[in-house]
Amino acid sequence: MTTTADGTGTLGPGTLKIGETGTEIDCSCLVNNAAIEPDVSEGDSKTMLCGTTKRSADTIDWSLSGNVDVDAGMSDGLFALTWQHVGEIVPFEFTPSTAVGTTVKGNLKLVPLRLGGDDYGEYLDSDFEFPLDNFDPTTAVTYGDDAGPVAATGASSGTPGTFTPSGATAPADIDALSSVTASPSSAWAEGEYVVLGDASNAYWDGSDWAEGKAPAAELLAKAGAGSKASA
């Protein structure tokens, strides 16, 4: 679970990525504000000769709108994407609050950002409104408490230590620790360890992960000297 206790939060820190997977642009640090907004149009109604009333279904047009600082100096930035690919449909991923954890994914239509400003000396910025294409809110949203397990990227020493980010799933075994960064990066103190998914223990010896709990410093030194002697 990555959401806050009551599921509420503030705008930011968050992320907004736009573009094809693998070449998407992370424009999070350009965004001043952003929101996905529905524009609801009520269905038409008519009265039949018999007196009964019929009403067509409401329609909803969705868009991602907001304001960004314009990265006009970048040939591979968001501004260039909107000017060079006008009207194209591209993927997006929007997380308004990483603490809340809810993410929306879908496709949007690129509309050019404006280039210029209102007053001398002001930041170049632009309002934007990108229509969403075939957007289905029932399938586009992953809620913070439904985000599934979070893989551990770091491990802090302790008795036992903890994995990061908060709430991350413990690596299955010592082999799965290969992509986990130890903190501190120096050899852990005597008795420190983390508990793995298979209930075994592991510690950081200063250069690699090892099974069990960290031994005393002098034992590590002797082990290192023995390795050199045998070499």
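Remarks
- For the criterion of being surrounded by 19 or more Cβ atoms within 10 Å (Cβ to Cβ), touching a Ser or Thr at 6+ places or on another chain (Cβ under 8 Å) and closer than 21 Å to ASN33 by Cα, VAL70 passes.
- Number of the condition not met by TYR193 [criteria: (1) loosely packed, with under 15 Cβ neighbours inside 10 Å; (2) among the hydroxyl-bearing types (Ser, Thr, Tyr); (3) at pLDDT 95 or above]: (1)
- Hits in region 121-156 (condition: aromatic (Phe, Trp, Tyr) and surrounded by fewer than 16 Cβ atoms within 10 Å (Cβ to Cβ)): TYR123, TYR143
- When PHE92, PHE130 are checked against the criterion of being under 18 Å from the mean Cα position of the chain (by Cα) and within 20 Å of ASN67 (Cα to Cα), PHE92 stands alone in meeting it.
- Test: GLY19 is farther than 19 Å from TYR123 by Cβ, surrounded by 12 or more Cβ atoms within 10 Å (Cβ to Cβ), under 25 Å from the mean Cα position of the chain (by Cα) and touching a residue at least 40 places away in the same chain (Cβ under 8 Å): yes
- Selection within region 206-231 - buried (at least 17 other Cβ atoms within 10 Å of the Cβ) and at pLDDT below 95: ALA214, PRO215, LEU220
The values are calculated or read from the model by the stated rules, or taken from the named source; none is laboratory data. Predicted model, so just to flag it, every value in this text is computed and none were measured. Virtual Cβ from ideal backbone geometry, glycine too; neighbours counted across all protein chains shown.
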